[in-house]
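Asker: Just dropping this structure here.
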Amino acid sequence: MRVFPWGFWLLCVASAPARGDSGSKARSCAEVRQLYGAKGFSLSGVPQAEISGEHLRICPQGYTCCTSEMEENFANKSRSEFEAMMKEAGRSVQATLTAQHRSFDSYFQDLLNKSEKALYDAFPSMYGELYTQNMKVFKDLYSELRRYYRSSNINLEEALNEFWTRLLERLFKLLNPQYHITDEYLDCMVKHAEQHKPFGEVPRDLKVKATRAFIAARSYAQGFLVGSDVVKKVSQVSLSHECTRAIMKLMYCPHCRGMSSVKPCNNYCLNVVKGCLANQADLNTEWKYLMDSLMVVADRIDGPYNVDTVIGTIHMRIAEAISNLQENKDSITAKVFQGCGNPKISTKGSSSEDKKRRGKVTLEAKSSAQALEMLVLDAKGNLTALKTYWITLPSSLCSKRVMASSASDDKCWNGMTKGSYLPEVMGDGLANQINNPEVEVDITKPDMTIRQQIMQLKIMTNRLGNANIGNDVDFQDTSDDMSGSGSGDSCPDDVCGKRLSKSPSTRQPETHAIPKQSGHGVSGASSRSLPSASLLLLSVAVIAAQHLWR
């Protein structure tokens, strides 16, 4: 008589659904259907109520509202959405750096333009033919200065020396129209120019100050562009297959489980995103160096190198130099004649001496030092805020994009069900992901695109370091510095470890397809799904047998 109840119970258990949630009645899939349709997918084949989930390969295999096709579509969607989050976050940083570059570039170009305009406005009345017959010399100087600032391969000291040489040759002939001065004679005069100092100390002083100011200015402007370009390129790196699975599990598996209102656990989200962005976090050290270097050079620009005064008064220094030549014309001419001999008397009459004007320089320069000070203060504030961008990106994405729960929430989505998340949060960077419980990361295969961008940051920081001490550097388009460097030479051994024998991990965008696996189970976290009906039946049978044998 005791067998019937036990047998009946076993039969009931065997036919009961194996669900770890509550109730035996299958729940509605209305919320998932609504979400699925809103994402642009067809509702054909989407369950009206929960079904058994043995077919799932990413999400836990309990009762589910997702078919295999839905799981794959959600996986592809989660990848594209996460990559869009990355690009959006990157665009914000790019916009900040680009705006800083634009502000400083506009200020610097305006400073140079005003100096050139002041020269064009004042010199005709001040110097007459001394200027009008040599306009090209002045125009060429400002053109060379602009080309240097825009990172052309120009030696600034040589450009300034060439300007003073050309100017001296032309002015000497105009100031001595009664003589026939040949090119050979001018060559001799130029050789003695350093000794005679026809323009006084202006050329040497301007060369020192202008060179430092221009080196600092163009390195500073270039630094913002390099930083923006690095963010752009890194934001375009596609997710790995392992990361796609983890992001899917984080963002859409709770919907498949009928827990649409349950937010992901914060620490769970952090582990997923840190695993996915492990290579990006390795940018942190060189990125901080770049931000710090930009701030140091900013202080130089607004301080010792005094860009506002040096660049804004170039025309005044040139006028000062010309006045020195005019005032000391007789003694300088005598010294030249002594060193190079007396030139022949010209047979052509000239009235240039009468048309030439003399007089004290009355040029003025309007200071824009306050504008520069405000630019530097604004830049330093933004650079400080961006210093930790790469290591704070996971927490930023989790809190603002993924909308994870608070850290103290113990009723959040932990990757399996609603509850607490127990694993510890991983550190930042590739090396710290070796034991990441959510994303399988191969720490021996760093992403080559990101390693190349790390090298770009190093190159730019080195340029800024040179600019800080007034040293010129050979500027090239930084986007070409690492072209064709697929060998991995840009990656230090202490960072890359043993990856030299491995193939690069840079991946091309792909349509995610969930791999087929043997059996009904899935590896990793999914293996923690609820017991199947067969296991439950076996357990009950053992208990029943023990009870009957008593």
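Asker: If you roll a 1.4 Å probe over the heavy atoms of the protein chains, what accessible area per residue do you get for the stretch 71-230, in Å²? Intermediate values should be presented prior to the final figure.
Answerer: On the way: 6690 Å² over 160 residues.
Per-residue accessible area for the stretch 71-230 comes out at 42 Å².
Asker: Could you list which residues have their amide H under 5 Å from that of G62, counting only those 5 or more apart in sequence or on another chain, with H placed in the peptide plane?
Answerer: Here the answer is L530, since their amide H atoms fall under 5 Å of that of G62.
Asker: Considering only lysines 8 or more places apart in sequence, or on different chains, count the pairs in the stretch 198-339 whose C-alpha atoms sit under 19 Å apart.
Answerer: Count of close lysine pairs: 7.
Asker: Give me the percent of the accessible area of the stretch 140-182 that comes from carbon and sulfur atoms, probe 1.4 Å, all protein chains in place.
Answerer: Carbon and sulfur together cover 38 percent of it.
Asker: Using a 1.4 Å probe on the protein heavy atoms, what percent of the accessible area of the stretch 198-242 belongs to carbon and sulfur?
Answerer: Result for the stretch 198-242: 50 percent of the exposed heavy-atom area is carbon or sulfur.
Asker: With every protein chain left in place, what is the accessible area of K445 in Å² (1.4 Å probe, nearest 10)?
Answerer: 60
The values are calculated or read from the model by the stated rules, or taken from the named source; none is laboratory data. Because the structure is a prediction, the values reported are computed rather than measured. To get the accessible areas, we keep the full protein, side chains included, count just its heavy atoms, and leave off ligands, DNA and RNA. Shrake-Rupley method; radii C 1.70, N 1.55, O 1.52, S 1.80 Å.
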